[in-house]
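The values are calculated or read from the model by the stated rules, or taken from the named source; none is laboratory data. Because the structure is predicted, anything quoted here is derived from the model rather than measured. Note that each Cβ is placed from the backbone with ideal geometry, even for glycine, and that neighbours are counted across all protein chains shown. Each accessible area value is taken on the protein alone, full model and side chains, heavy atoms only, with ligands, DNA and RNA left out. Shrake-Rupley method; radii C 1.70, N 1.55, O 1.52, S 1.80 Å.
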Amino acid sequence: MLTLLKSPADHVVALRLEGNIDQASLTPVIKECDERLARHGRISLLVEIERFGLITPAALLNDIGYALRHLGDFEREAIISKADWLRHVTEFSKHLVRSMEVKHFSPAEREAAYAWVAELPRKKTPSGKPAAAQAPH
């Protein structure tokens, strides 16, 4: 099940994964992403993984379709998990999805994960590519 959590910043969607994922638990997450994308253009994700379960075929197809439509819209993803094998998966995923920074954190590094993902996203240029964040004047 996916559960929305209190976000560390308005451009961040924070959630907990615990067990199985179905369309009913995925729908509010997608809605939250859409609302934050409308406000910010680029958003980040924070996912606290308690334990993995199964994902229904409908939820999987919806999730993949959404991710493909919004590839350039996600700035960062912080994954918090005690599963050390996820650290290796996270490192591998950096080679597959270059438009988003992904970083794994242990539960002991939870505060660091929240701080890292809360950093402001880079703005998109007119070409649609992300530009470096600029300090306020």
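The alpha carbon centroids of the range 1-64 and the range 65-97 are separated by 13 Å. With the helix formula -39500 (n - 2.57) applied to DSSP H stretches of n ≥ 4, the chain reaches a computed 222 nm mean residue ellipticity of -12000 deg cm²/dmol.
Given Cα pairs under 8 Å that are at least 6 residues apart, what percent is the relative contact order of the chain?
23
Would you please classify the overall shape of the range 1-102 from the alpha carbon gyration tensor, given that a ≥ b ≥ c denote the square roots of the eigenvalues, rounded means a/c under 1.5, and beyond that prolate means a/b larger than b/c while oblate covers the rest? The shape class here is rounded.
The trypsin sites (Lys or Arg not before Pro) of the range 1-95 that meet both conditions, a loop assignment by DSSP and at most 16 other Cβ atoms within 10 Å of the site Cβ, are LYS6, LYS82.
Counting only protein heavy atoms and a probe of 1.4 Å, the accessible surface of the chain is 61% carbon and sulfur.
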